[in-house]
Amino acid sequence: LGAIGACVLFVDTPLARAMPGWIDGNAAIAVLERIAYHMGEWTLAPVLLGIVLIVAGRRWWYFLFTFTFAYLVQAGSVEAIKWLSGRPRPRELGGATIFCGPGVHEHSFPSGHAAFAFMFAAMLSAWWPRGKVLWYSLAIYVALSRMVANAHFLSDIIMGGLIGVLSALLILWRWPPPRRAEEPVAQE
């Protein structure tokens, strides 16, 4: 939380204003942003879940159950904080960072895309730890793309990532993935 506060006070505005202009008109960057946008959006969740469920086999119902609860915690937290903070996006105020307070129709803090991507990465990492580097790399890609798109400040994506991981950990603490037969049992 200290890093988020430091970003809000000292990093967000200069970083948002330093984004080079060539990013806005670059077609390749626009395609990469669009891909990342859909990777971190809830509307892509059914496609991602379909892929995961095919890979998961017989454990898919339990995974779907835990994923659904983690998603509800993550989305509810993000929307509540967005409503309370009322922070405009960087592109709306030329990179200036202010918080307008509850009920305002500004939706920058925290990043819902980063929260979803990191929640999904944490869930996948718990269930399929061999892919942990890939899962978190994709989450970082989604989060950074939101900053490059001038839709979020650095503190927005850090807070979104924190909410996503904590949402997943809360659910995984209560309902951990079942142990596979080949996993050794820890000696107490």
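Summary of values
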{"quantity": "Computed label-point distance, nm, for sites TYR141 and ILE98 using a 7 Å Cα→Cβ extension", "calculated": "3.7 nm"}
{"quantity": "ARG91 versus ARG179: modelled label distance in nm, points set 7 Å from Cα along the beta carbon direction", "calculated": "5.0 nm"}
{"quantity": "J(HN,Hα) series, region 107-116, from Karplus relation 6.51 cos²θ - 1.76 cosθ + 1.60, nearest Hz, glycine and proline x", "calculated": "9, 9, 9, x, 6, x, 5, 5, 4, 5"}
{"quantity": "Cα gyration tensor category, rounded, prolate or oblate, for region 66-166 with a/c compared to 1.5", "calculated": "oblate"}
{"quantity": "FRET E, pair LEU169, ARG17, Förster distance 30 Å, beta-carbon r, rounded to 0.05", "calculated": "0.30"}
{"quantity": "Peptides 61-73, 6-18 ordered by average Cβ neighbours within 10 Å, highest first", "calculated": "61-73, 6-18"}
{"quantity": "Amide H contacts under 5 Å for PHE109, placed H, 5+ residues apart", "calculated": "ARG87"}
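Any read-out appearing in this document is the output of simple, stated calculations on the displayed coordinates, not a laboratory observation. Computed from a predicted model, the values in this text were never measured in an experiment. Please note: Cβ atoms are built from the backbone with ideal geometry, for glycine as well, and neighbour counts cover all protein chains shown.
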